[in-house]
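Here the structure comes first, spelled out in structure tokens, and everything after it is commentary.
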Amino acid sequence: MSVETMIPLNSKAAKFVSTPKQLFINGKFVDAVSGKRFETLNPATGEVITTIAEGDKEDIDRAVAAARKAFEEGPWASMKPNERARLLLKFADLVEENIEELAHIDTLEFGQPLATTTAFASSVPELFRYYAGWATKVTGETIPVSTPGTIFNYTRREPLGVCAGISPWNAPVSVAAMKLAAPLSVGNTVVLKPAEQTPLSSLRLAELFVEAGFPDGVVNIVPGFGPTAGAALVNHPDVDKVAFTGSTVVGKEIMRSAAGNLKKVTLELGGKSPHIICADADYEKALANAAFGILFNSGQVCFAGTRLFVEKKIYDNFVSDLINYTKKYKLGSGFDATTTLGPLISEKQKNRVLNYLDIGQQEGAEMLVGGNAVSSDLANGYFVKPTVLANVQNTMTVAQEEIFGPVICAMPFDDLDEVVKTANETYYGLGAGICTTDLRKAHKLAHAIKSGNVWVNTYHLMDPASPMGGYKQSGIGRENGAASVLDTYTQIKSVWVDLD
Ligand code: NAI
Ligand code: MG
């Protein structure tokens, strides 16, 4: 870590994290009923940043009651769609004014470089502006039923009610925003439980919701742990819907819990995305794309292009050039302007990734570069170097289970049919990348890969207007775009009127 290139902590972020944090329920910042608190850590140093009130069942009960009241009564229930849009737009402007602060908060708590967390924070106003547009554009239909003149039938799209959001730590402020913008735009109320590793930026959003003038109870943010606060939310009989982003294991648990009162469920879960590099690809671009596809966010992305399939003709060269490319990444604090790879979120995640490297090698993969980063200035943080595993078979544990670290599993392929078959041999189906200059090949592969998102000659692109989500065990439902607001945050009512 070089002192000259360190960016000082933004003064507003420093002030925000200098005090212990509370839960946000019914428009007020309050302590947990139990009085319990937990520490949040800086993953680059292992140091405690501050303490957070620890929400549990009683706090979730209070938050759900507030959200229910706001949904059924009061200004939110009677608000015109254009007024709702105006509030969302006001909130977007406030977030925009505070992007630097939010990015600094996320870098402090999540560790990734400021460039990354700035991109995350910058996505928030755009998401809210996109959904503010939907507030006035969700319509029903008049249906030509077979009794014209005597019966009038039409549909309404109504909000679901109280929506629970459970967000992960790997894109703190932006995934939290995804649990808020779409449901709010169509008149739902929300109880958000951010990940216990990264609650700070969500709590800063809570302050901005107050500043924007959202009525009490419309948004509630209750940090806490999964098995306590999270489970209380997904088991709550008065919650109408759960939107979850996180591990597939917990996603399945949530679906079981949701069965209690048949909550609607949207799940955005793990991935084991194939990234297919054809010999005819623009070589340099493919190299950069392959590295970015997996190393962005230190590999802590559900879409990460972890299974790198490279056409045999170029495999040896490509893998050796990729190794050199990964060596250019600079590990360090996210506040160091020269850092291109931040730490993993926690010691637990670091150990989990290193354990996968052991398992991979035991099963016959060869670690060509990477592994534990133990240089003295990084020793207290949770750093893993960009890692390339070669000799990987698609059936190996490292090719089947989500690693969530900067680990490339390289595999050669001979022909397209073969690579499609192997790429689809996974329980997951979230993302996929294809690098080729042959348009026909690109679309053929894009159609044949069983995943919810495909990138051709690029990777990780997202936009509020474009749906994202998973095939197979990568999820249920879509976030972003019209699909989210229409299919997952409203319900259709069919109204029959006798005109006689
Ligand atoms: P996790 O799935 O346990 O946590 C995600 C969120 O769910 C957090 O807010 C957590 O508090 C909550 N949660 C946990 N258990 C819950 C329960 N029983 N009921 C309700 N909410 C619950 O993920 P974790 O443990 O942080 O990471 C483990 C692995 O999960 C990672 O290595 C990665 O493979 C995967 N993961 C995938 C993500 C994605 O973007 N799809 C995001 C985070 C993790
Ligand atoms: Mg967990």
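The values are calculated or read from the model by the stated rules, or taken from the named source; none is laboratory data. Note that the structure is a prediction, hence the values are computed from the model and not measured. When we count neighbours, we look across all protein chains shown, and the Cβ atoms used for this are built from the backbone with ideal geometry, even at glycine.
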Residue list for the stretch 433-479, restricted to those being over 19 Å from Asn297 (Cα atoms), part of a loop (DSSP other than H, G, I, E, B) and more than 18 Å from the chain's Cα centre (by Cα) | Thr436, Thr437, Asp438, Ile449, Lys450, Asn457
Is it true that Lys421 is exposed (fewer than 14 other Cβ atoms within 10 Å of the Cβ), over 30 Å from Thr436 (Cβ atoms) and either within 16 Å of ligand 1 (Cβ to nearest atom) or in the same structural domain as Lys327 (by TED's automatic domain parsing) (or both)?
-> no
Residue match in the stretch 303-321 (condition: in contact (Cβ under 8 Å) with a residue 60 or more places away in the chain, touching an Asp or Glu at 6+ places or on another chain (Cβ under 6 Å) and either within 16 Å of ligand 2 (Cβ to nearest atom) or of a type in the set (Lys, Arg) (or both)) | yes
What pairs can you find where one residue is in the stretch 245-266 and in contact (Cβ under 8 Å) with a residue 60 or more places away in the chain, the other is within 16 Å of ligand 2 (Cβ to nearest atom) and in a helix (DSSP H, G or I), and their Cβ atoms are less than 7 Å apart, with a gap of 6+ or different chains?
-> Thr245/Val175; Ile254/Val234; Val265/Ile254; Val265/Met255
What residue, of Val190, Val234, Val186, is more than 15 Å from ligand 1 (Cβ to nearest atom) and modelled with pLDDT of 95 or more?
-> Val186
For the stretch 305-328, indicate whether the set of residues that are closer than 21 Å to Val353 by Cα, among the small types (Gly, Ala, Ser) and outside any strand (DSSP E or B) is non-empty.
-> yes
Hey, can you tell me all the residues within the stretch 38-75 that are without any contact (Cβ under 8 Å) to a residue 24 or more places away in the chain and either crowded, with 17+ Cβ neighbours inside 10 Å or assigned to a helix (DSSP H, G or I) (or both)?
-> Glu72
Provide a single number: the residues in the stretch 261-293 that are more than 30 Å from Ala231 (Cα to Cα) and of a type in the set (Val, Ile, Thr).
-> 2
Note on Val265: of the conditions (1) surrounded by fewer than 24 Cβ atoms within 10 Å (Cβ to Cβ); (2) away from ligand 1 (no atom under 11 Å from the Cβ); (3) over 19 Å from the mean Cα position of the chain (by Cα); (4) over 28 Å from Ile105 (Cα atoms), unmet is (3)
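Residues checked against (1) farther than 22 Å from Ser298 by Cα; (2) at pLDDT 95 or above; (3) hydroxyl-bearing (Ser, Thr, Tyr):
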residue	(1), (2), (3)
Arg84	yes, yes, no
Leu102	no, yes, no
Gly111	no, yes, no
Phe120	no, yes, no
Glu126	yes, yes, no
Ala132	yes, yes, no
Thr142	yes, yes, yes
Pro148	yes, no, no
Arg156	yes, yes, no
Qualifying helices (runs of 4 or more DSSP H) (wholly inside the stretch 144-263; at least 1 residues being in the same structural domain as Pro81 (by TED's automatic domain parsing) and touching a Leu at 6+ places or on another chain (Cβ under 6 Å)) = 172-178, 181-185, 200-212, 248-258
